[in-house]
Every structure is written in structure tokens, then in C-alpha cells.
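Student: This structure is in C-alpha cells; I'll ask about it shortly.
The values are calculated or read from the model by the stated rules, or taken from the named source; none is laboratory data. Here the structure is a predicted model, which is why all the values come from computation and not from measurement. Note that each Cβ is placed from the backbone with ideal geometry, even for glycine, and that neighbours are counted across all protein chains shown. Keep in mind that these areas ignore ligands, DNA and RNA; they rest on the heavy atoms of the full protein, side chains included. Shrake-Rupley method; radii C 1.70, N 1.55, O 1.52, S 1.80 Å.
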Amino acid sequence: MGTSAPTAPAHILPSTAMLRFSRLASAILLALAFDASDIRAQVAAAPPGKPYQFTIEDYARAERFLAVSAGPLVSGVAGRPMWIGASSRFVYRVSGVGGTAQFHLVDPVKKTRVPAFDHTKLAAALTTATGSRVDADRLPFQTFTLAADAESMSASVRGATWRCDLVAYTCANGGAARALTPPSNSSVSPDGSWAVFIRNNNLWAKSLDAAAREVQLTTDGINEFGYATDNAGWTHSNNPIVSWSPDGKKLATFQHDGRGVRDMHLVTTNVGVPQLQSWKYPIPGDSVIFRISRVVIDLPVGGAAPRVVRFDMPVDQHRSTVSDHIACGGAICDVQWYDDGSKVAFISSSRDHKQAWLRIADAATGAVRTVLHETSTTQIGDASHPEDLWRILPATNEFIWWSDRDDWTHLYLYDLTTGQLKNRITTGVGNVSSIVKIDEKARQIWFMANGREPGRDPYFQHFYRIGFDGKGLTLLTPDVGNHTVVLSPDARYFTDTYAAPNTPPVTVVRDRNGKLVQSLEKADVTALIASGWRAPMPVTVKARDGQTDIYGLMYVPTHLDSTKKYPIINHIYPGPQSGSVGSRNFSPARGDNQALAELGFIVVELDGMGTPGRSKTFRDFYYGRMNDNTIPDQIAGMKELAQRHPFIDIDNVGIWGHSGGGFATAAAMFKAPDFFDVGISESGNHDNRNYEDDWGERYQGLLVKNGNSDNYAAEANQTHAANLRGKLFLIHGMMDDNVPPYNTTLVADALMKAGKDFDMLMLPQARHGFGADSPYIMRRRWDYFVQHLRKDIPPKEYKIGQPRVQP
């Protein structure tokens with residue numbers, strides 16, 4: 001399945017433009033030059049034929065590169081602005097070394113930046129009020145509300161709301177009365193007057209006033225056909241899924257039909273008789289999956305009785321354009337209320353995600369009309385897309401719609417009555433990634449996009465403004481880097497934080513036209529560098545076709561000796577909804593990548609063809625062939641890196657990943673056994689017929705029977721298990737209610753039947769992410785690669801996260 005390394009040249013980022021972005025990037029690379037005098041050289045490469053015995057100190061050194069140790073060494077990182085009312089003024093938190101922090105007040109109009117308050121006096125006031133010591137540089141809150149006159153503030157401290165006078169510096173408990181406390185597992189209305197919750201399959205409301213009145217909103221909910229149910233199979237909770245009208249007097253929700261849907265089961269490990277945990281969990285090919293009947297509910301405002309308005313339409317499939325769930329942050333995905341609460345706009349998606357309908361429902365009558373019908377040969381939307389790429393504009397009888405129809409995610413302007421296209425708004429290469437603001441009066445859109453700026457990393461996000469007519473496109477964030485912006489409520493200014501994986505963040509304030517107003521923060525990594533930290537290296541290589549650029553990060557030991565050879569480990573997440581690299585922002589630690597490199601490995605992450613952020617053709621590359629898992633791209637990329645860097649031992653290759661990465665790891669070991677030597681597969685969805693329906697049916701397509709087989713069989717890892725030649729370690733949580741553990745036991749069964757040796761660890765109490773078992777699994781991962789890829793000896797039973805007595 002592998003391909004030979006392409007001969008076309010590729011380039012390592014940062015480019016010249018990236019180096020201009022921050023002189024600090026160059027300083028970091030210079031400061032991290034190899035100094036053999038203070039590094040244990042024997043860890044880099046043991047003498048030939050003699051395994052090196054790793055010590056506790058070797059592992060402890062690697063552990064220092066994890067986030068818990070590296071994070072506090074970075075200072076000068078600005079937090080999200082907290083705007084004061086509807087003005088342009090704001091406060092923000094800036095980090096200090098060792099977890100300390102300060103708060104600043106900024107006025108962009110006056111171009112001032114001052115302490116938000118006297119930190120010492122406020123700490124003393126809170127100490128007196130709470131009875132517990134509060135340190136001035138470690139105030140026990142990260143966000144707070146500052147009064148317009150800056151003379152008082154309120155913050156949540158240790159479970160209570162405290163209101164502090166910033167003139168007299170006194171604080172009083174302003175905690176709400178018990179009657180105003182929302183019930184657990186509830187959703188609160190925008191005006192804070194009501195909370196809704198589920199009781200016995202029906203939706204109830206509680207008034208958040210002194211009366212604390214409870215009102216039953218629905219009465220016909222029954223088991224498996226209840227209201228506002230949060231269950232997508234792979235995730236489930238007792239929280240209600242509702243979308244409130246802007247005035248908080250109505251809510252949109254649904255009756256969730258799980259009748260006839262199959263059950264999933266897990267069995268606990270405990271003393272005595274195990275407990276059976278069962279819940280509804282549809283899988284691909286099921287004749288019955290979750291359905292929803294949409295409704296609007298009028299709350300009992302002003303003494304009126306609650307009213308349920310059922311939409312006049314067939315049931316919708318449990319699908320959305322942006323997720324393999326219909327819940328987005330507690331609200332319903334793909335739903336927008338009119339500002340006056342008269343109508344609800346929503347998107348219905350077909351089961352296979354190949355069709356989507358934009359519809360408008362009358363909130364008073366339930367009448368529904370279809371405005372637009374979008375189709376695709378693969379899928380509409382993606383779990384990587386945000387939820388805000390379309391907007392209803394009733395005042396001008398228009399709506400803004402997004403589509404990938406020309407291979408990039410662009411915006412289009414439509415007539416709301418006829419559903420006819422009026423004009424395209426954005427064009428060209430690059431994807432619109434989110435809408436930040438729409439100015440209907442000026443007929444302008446502020447939006448984020450990636451891939452539009454030639455010569456820059458195509459994953460970098462930039463901020464733009466454009467007219468509804470597609471004219472006047474303006475880049476508002478000119479600096480090279482990945483930008484995060486927050487627009488002020490009055491849209492006069494915005495904060496702009498830009499960074500890269502190898503360049504610490506800079507935060508500035510710009511006006512609405514992108515002009516620099518003032519600089520706020522430039523992260524200081526002096527202490528981080530002093531600890532021996534090394535930045536990851538952005539790399540660009542060719543994909544399997546020898547033509548397409550793919551991007552990634554490479555981690556090398558801080559004690560790198562370029563005359564020696566280092567095994568290479570691929571940390572993989574194949575998508576389709578995200579890639580291996582993840583965010584293009586700066587982070588002092590990305591998982592345990594650098595820690596693993598510190599044990600004498602080269603670690604790489606490459607975003608192969610089939611991952612998001614590029615064209616739709618790129619994103620859908622292996623649609624219907626999920627076992628592809630970008631593996632040929634990973635092989636091509638690593639071979640090219642080895643040609644470029646002789647210190648990479650391309651004949652000694654490891655791979656590991658979690659969830660989809662676990663699926664990809666086993667696939668790599670089975671389908672490219674001549675290339676990959678050691679693999680660690682965690683929590684893999686090895687057979688998507690054993691995973692939730694929405695995932696497989698979006699990316700593989702509907703399950704189609706073909707005699708005794710189907711179109712999913714060839715993509716299942718156990719089908720190829722007999723090809724294993726290297727060392728494979730399978731790990732799964734036995735209480736994984738996202739990817740059921742039977743995915744891994746299927747592979748284990750196939751390996752046993754093929755007579756293959758392998759290692760396996762089932763975690764009795766762990767869910768999908770391993771939770772409390774994570775440090776243990778990380779150490780086992782280090783041990784496995786040290787033992788089987790380096791052929792060295794790990795220290796016995798090292799414990800990550802535990803204090804060590806210094807000799």
C-alpha cells in the first residue's frame with residue numbers, strides 16, 4: 001500500500017515570511033542549539049548491540065516536557081477580552097511565570113492599558129470576606145464582570161458570587177438565593193428567568209425567582225420517545241437539548257424517537273455481581289435509527305398556559321451538517337430563531353448526509369416551508385465545520401448560505417422568499433471558516449478564512465471583511481500566523497492574537513479596518529527555553545501522489561546528535577473531521593510528543609489527504625474507503641523527511657494513535673507491514689459496523705449488502721489482521737461508551753485465529769479518553785516504544801505525575 005518517496009523538493013516551515021513574523025522564532029532555534037555537555041548522550045543512541053538501560057532520571061527528564069511542567073513557564077499570554085457593556089473597553093487576564101496572573105483594563109479609544117484594579121488590595125478584601133487566604137498574583141478567578149465606571153466588580157470565587165467595591169476595597173457575598181439556583185442538568189433562558197429540565201421523559205420549567213414555580217411543559221413524553229433527549233449513541237447525558245428564542249419566551253426542541261433502536265451494553269468490573277449498563281445506540285445499516293419530531297414550546301409567561309406547537313412535516317433523521325450529533329453546545333445544531341421569535345429556521349439532513357434542506361417554521365402555527373435544497377455526491381458539511389456559516393436576514397428578506405459546491409467553502413447570498421441565488425459573496429482558493437459579524441445596515445460580513453494568503457501555511461486563519469455583493473474584500477489581520485480575533489460589541493475594534501506552533505503568541509488591538517491601534521502582549525518563553533524546551537519544526541512534504549503538499553510538525557530530541565540514527569514515530573489522527581496536528585496556535589506542549597522525542601525518537605504528525613482544512617476534494621479524498629486512513633501519505637511524508645534528514649532511521653518506524661488514530665494505527669500495521677515495525681492502537685473504531693451510525697454513514701456511506709458481505713467489510717481492521725508482522729499493542733477502556741470495546745476485541749479475535757502474537761491491555765474502569773488511567777497508559781506507551789523500537793530497557797514501573805525525592 002505504500003509508495004516510494006517523491007523526488008520533488010519540499011520545504012520546511014518557517015518560510016522567510018514566517019521568520020519575519022517574529023524574530024523570537026529565530027531566537028528560539030538559536031537558544032536551543034545542541035549542547036552535548038549537559039545532555040546524557042547515551043540516551044540518544046546506545047552502543048551497537050548493547051541495549052541501554054533507561055533510568056528514572058531519563059524518564060523524569062522526558063516528563064518535564066509535558067504541559068503540567070512546560071505550561072507555567074510561559075508568561076505574557078493574553079486571555080480572551082471581557083468587554084465592558086456594549087463599549088470598546090475591555091479587561092483581560094495575562095499569565096505570569098508559575099501560574100501567576102494579572103488583569104488589565106484597556107481603552108482602545110484612548111489607547112490606554114492600566115491595571116484593572118489594585119491586585120494587592122483586592123486580594124486582601126477577598127481574604128477578609130471569604131476567610132481563606134487569597135494571593136494578589138493568583139486571584140481565584142479567570143473571568144469577572146467590571147462595572148462601566150470601573151469602581152466595582154463581581155466574580156465567582158469558590159462556589160459563590162462576590163461583589164467587590166474597587167474604591168473602598170471591600171467584598172460581600174452576592175450569591176443568589178436557593179430559589180434562584182437552576183436545577184442540575186437544566187438549560188437557562190437568555191434572560192435568566194426560566195430553567196428547563198427533563199423529568200420522566202417530559203420537559204419541565206422552573207421559574208428562577210422567589211416563587212421557584214415548576215411547570216410541566218409537555219405531557220405525552222414516554223420511554224424512548226421523550227422530549228429534548230440528549231442521546232446520539234456515542235454520547236449521551238441527562239441534559240435537555242433546546243434552542244431558546246432571543247426573548248426567552250419560547251424554545252425549539254424535539255421529541256426524540258428511540259423506539260425500535262438497538263441497545264448497546266457494557267458490563268462493570270466490581271466486587272460482587274457486575275452491573276449491566278445499556279442505552280440506545282444505532283449502528284450503520286440498522287433499519288431504524290433515531291428520529292426527531294420538531295416542536296416549539298411557549299413558556300407560561302404572564303400566567304398563560306404552556307403550549308406545544310408541532311412542526312407540520314415528517315420526522316427528521318437524527319442528523320446535522322456540522323456534527324455526528326444534533327446538539328451544539330446544549331442547543332440544537334442547524335437552528336436559528338428570527339429576532340422577533342416569530343419563526344425558526346433550520347436545516348434538515350438526509351441520513352446519508354448527501355442532501356440538506358433549509359426550512360422555515362412558523363412558531364405560532366407549525367407551518368413549514370422549504371427554502372433551499374442542497375445536494376452532494378459525498379456529504380454536505382463536515383464535523384469540522386462550525387455551526388455559524390449561514391444566517392437568516394428577515395429584514396431584507398435574504399439569507400447567507402455556505403456551500404462547498406466549487407471545491408471550497410464559500411458564502412452565497414439568496415432570496416429568502418424564492419430561494420433563488422442573488423450572487424456569490426466569496427470566491428477563489430481558501431475556505432470561509434466562520435462568520436464573526438454581519439452588518440446588515442452596511443451590508444458587510446466579517447469572517448475568518450484559511451488558505452487565502454499565498455505563501456503562508458494554508459491552515460492559518462485570517463480575518464476578513466467583504467460586502468454582500470462580493471466586493472471590497474479586505475484582509476484585516478496582515479501578520480503571518482494563525483489568528484484568533486474577538487470583535488468588540490460596537491464593532492469598532494477587535495483583539496488579534498496570532499501565533500504559530502513554533503512561535504509564541506502576540507496580542508494587539510486593531511480598529512475595524514485592520515489598522516494597528518496598540519500592542520498588548522508578546523508571550524515570553526525565556527523560562528521555557530531555559531528548561532531545555534525545543535519548539536516543534538513545521539514541515540511540508542509531498543503526499544502519495546508526489547504533487548500535493550501536506551503539512552505537519554516534527555519533534556526531535558533536545559539532545560539531537562545529527563551523526564546518529566533515531567527511530568521515527570508517527571502520531572496519527574486520520575480524520576476525517578480533524579487531522580494529526582490539530583490547532584496551528586502555539587502550545588508549550590502538544591500531548592507527549594516532545595516527551596517521547598526526548599527518549600531518543602523523532603516524532604512526526606502529518607495531515608494527510610482526507611483531513612479537513614483544505615479543498616473539498618482533499619477533504620473527501622478517501623470517502624467510502626475509510627481504511628485508507630491517510631497511511632500512504634504518512635509513508636511518503638516520512639520517507640521524504642528521512643531523505644532530507646539523515647538522522648531519521650526510516651528502517652525503524654513506529655506509529656500510535658487514539659480513537660480514529662487507533663483505527664489508523666492497526667490499519668497501518670496490517671496494510672503496510674513492511675514499513676511499520678511497532679504500533680500502539682488505543683480505543684480504535686476498528687470496524688465502523690460496530691460504531692455509531694452517523695459516523696460511518698457520513699464518511700463511508702450507507703451500508704450496502706453484497707451477498708454475505710457489504711461495503712464496510714474491506715474497511716474493517718480484523719479483515720486484514722493476518723498480515724501483522726510487527727509488534728502491536730492494543731489498548732481499550734472496557735467502559736468506553738463512545739467507541740465500544742468490542743471494536744478491539746474483534747481485532748484480537750482475528751489475530752488469535754491467525755496465530756499472531758500481539759499485546760493487549762483492557763482497562764476495567766476507563767471510558768474513551770482513559771481518564772485517571774491516562775498517566776499509566778502514557779508510561780506504558782513510552783515503555784513499549786523504548787523496548788520494541790529502540791530495543792532498549794525502560795525503567796521498571798515509572799509513575800508519571802508523582803513527586804520524586806531528589807538525591
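Student: Residue by residue through the stretch 763-803, note down the ones that are within 30 Å of the chain's Cα centre (by Cα), part of a loop (DSSP other than H, G, I, E, B) and at positive phi.
Tutor: Scanning the stretch 763-803 gives Phe770, Gly801.
Student: Among the residues of the stretch 307-327, count how many are open to solvent by less than 60 Å² (accessible area, probe 1.4 Å), out of contact with any Ser or Thr (no Cβ under 8 Å at 6 or more places or on another chain) and not hydrophobic (A, V, I, L, M, F, W, C).
Tutor: 3
Student: Moving on. Output the residue which, of all residues in the stretch 118-138 that are assigned to a loop (DSSP other than H, G, I, E, B) and open to solvent by 20 Å² or more (accessible area, probe 1.4 Å), is farthest from Arg80 (Cα to Cα).
Tutor: Pass one, the stretch 118-138, residues assigned to a loop (DSSP other than H, G, I, E, B): 118, 131-138.
Cutting the leftovers down to open to solvent by 20 Å² or more (accessible area, probe 1.4 Å) gives us 118, 131-133, 135-138.
On the way: Asp118: 21, Gly131: 30, Ser132: 28, Arg133: 27, Asp135: 22, Ala136: 20, Asp137: 18, Arg138: 18 Å.
The extreme case among them is Gly131.
Student: Turning to a different aspect of this structure: If a residue must be part of a loop (DSSP other than H, G, I, E, B) and within 17 Å of Gly79 (Cα to Cα), how many such residues does the stretch 101-116 contain?
Tutor: Matching residues across the stretch 101-116 total 2.
Student: Quick test for you: out of Val525, Val541, pick the one residue that is under 29 Å from Pro81 (Cα atoms) and surrounded by 23 or more Cβ atoms within 10 Å (Cβ to Cβ). Walk me through how you get there before you give the answer.
Tutor: On the way: Val541 fails: under 29 Å from Pro81 (Cα atoms).
Answer to the selection: Val525.
Student: Shifting gears a bit: Go through the stretch 174-188 and count every residue that is modelled with pLDDT under 90 and of a type outside the set (Gly, Ala, Ser).
Tutor: First pass over the stretch 174-188, keeping only residues modelled with pLDDT under 90: 174-181.
Adding the requirement that they be of a type outside the set (Gly, Ala, Ser) leaves 178, 180-181.
Qualifying residue count for the region: 3.
Student: Moving on. Between a first residue in the stretch 149-170 that is without any contact (Cβ under 8 Å) to a residue 24 or more places away in the chain and hydrophobic (A, V, I, L, M, F, W, C) and a second residue that is loosely packed, with under 14 Cβ neighbours inside 10 Å and in a loop (DSSP other than H, G, I, E, B), which pairs have beta carbons less than 6 Å apart while being 6 or more apart in sequence or on different chains?
Tutor: Within 6 Å, the pairs are Val167/Glu151.
Student: Just give me the residues in the stretch 84-117 being touching a residue at least 12 places away in the same chain (Cβ under 8 Å), surrounded by fewer than 19 Cβ atoms within 10 Å (Cβ to Cβ) and more than 20 Å from Asp524 (Cα to Cα), in sequence order.
Tutor: Within the stretch 84-117, Gly85, Ala86, Ser87, Leu105, Asp107, Val109, Lys111 meet the criteria.
Student: Another one. State all residues of the stretch 394-434 that are of a type in the set (A, V, I, L, M, F, W, C), closer than 20 Å to Thr477 by Cβ and open to solvent by less than 10 Å² (accessible area, probe 1.4 Å); if no residue qualifies, say none.
Tutor: Across the stretch 394-434, the qualifying residues are Leu411, Ile425, Val432.
Student: Moving on. Write out, first by first residue and then by second, each pair whose Cβ atoms fall under 6 Å of each other, whose residues are 6+ apart or on separate chains, and whose first residue, in the stretch 523-541, is closer than 16 Å to Gly98 by Cβ while the second is assigned to a strand (DSSP E or B) and hydroxyl-bearing (Ser, Thr, Tyr).
Tutor: Close Cβ pairs satisfying both conditions: Asp524/Ser75.
Student: Would you point out the residue of the stretch 435-493, among those that are closer than 19 Å to Tyr414 by Cα and of a type in the set (Asp, Glu), that is least open to solvent (accessible area, probe 1.4 Å)?
Tutor: Residue satisfying both the conditions and the ranking: Asp439.
Student: Could you list, ordered by first residue, the pairs with Cβ atoms under 9 Å in which the first is in the stretch 671-685 and under 12 Å from Gly660 (Cα atoms) and the second is among the small types (Gly, Ala, Ser) and open to solvent by 10 Å² or more (accessible area, probe 1.4 Å), at least 6 apart or interchain?
Tutor: Glu682/Ser659; Ser683/Ser659; Ser683/Gly769; Gly684/Ser659; Asn685/Ser659
Student: Could I ask something else about it? Quick test for you: out of Gly233, Gly248, pick the one residue that is among the small types (Gly, Ala, Ser), open to solvent by less than 20 Å² (accessible area, probe 1.4 Å), over 19 Å from Asp693 (Cα atoms) and assigned to a loop (DSSP other than H, G, I, E, B).
Tutor: Step by step, each of Gly233, Gly248 is checked, and only Gly248 is among the small types (Gly, Ala, Ser), open to solvent by less than 20 Å² (accessible area, probe 1.4 Å), over 19 Å from Asp693 (Cα atoms) and assigned to a loop (DSSP other than H, G, I, E, B).
Student: Would you please list the contacts, defined by Cβ atoms under 6 Å and residues six or more apart or on different chains, that run from a residue in the stretch 228-250 that is over 30 Å from Met735 (Cβ atoms) to a residue that is assigned to a loop (DSSP other than H, G, I, E, B) and acidic (Asp, Glu)?
Tutor: Pro246/Asp339; Gly248/Asp191
Student: Is there a residue being touching a His at 6+ places or on another chain (Cβ under 6 Å) and at pLDDT 95 or above anywhere in the stretch 394-404? First the steps, then the outcome.
Tutor: Keep residues of the stretch 394-404 that are touching a His at 6+ places or on another chain (Cβ under 6 Å), which gives none.
No: zero hits.
Student: I need the full set of residues from the stretch 544-579 which are of a type in the set (Gly, Ala, Ser), part of a loop (DSSP other than H, G, I, E, B) and crowded, with 24+ Cβ neighbours inside 10 Å, in order please.
Tutor: Gly575, Gly579
Student: How many residues, within the stretch 210-223, are assigned to a loop (DSSP other than H, G, I, E, B) and open to solvent by less than 70 Å² (accessible area, probe 1.4 Å)?
Tutor: Step one: filter the stretch 210-223 for residues assigned to a loop (DSSP other than H, G, I, E, B), giving 210-213, 217-221, 223.
Those left that are additionally open to solvent by less than 70 Å² (accessible area, probe 1.4 Å): 212, 217-218, 221.
Total satisfying the criteria: 4.
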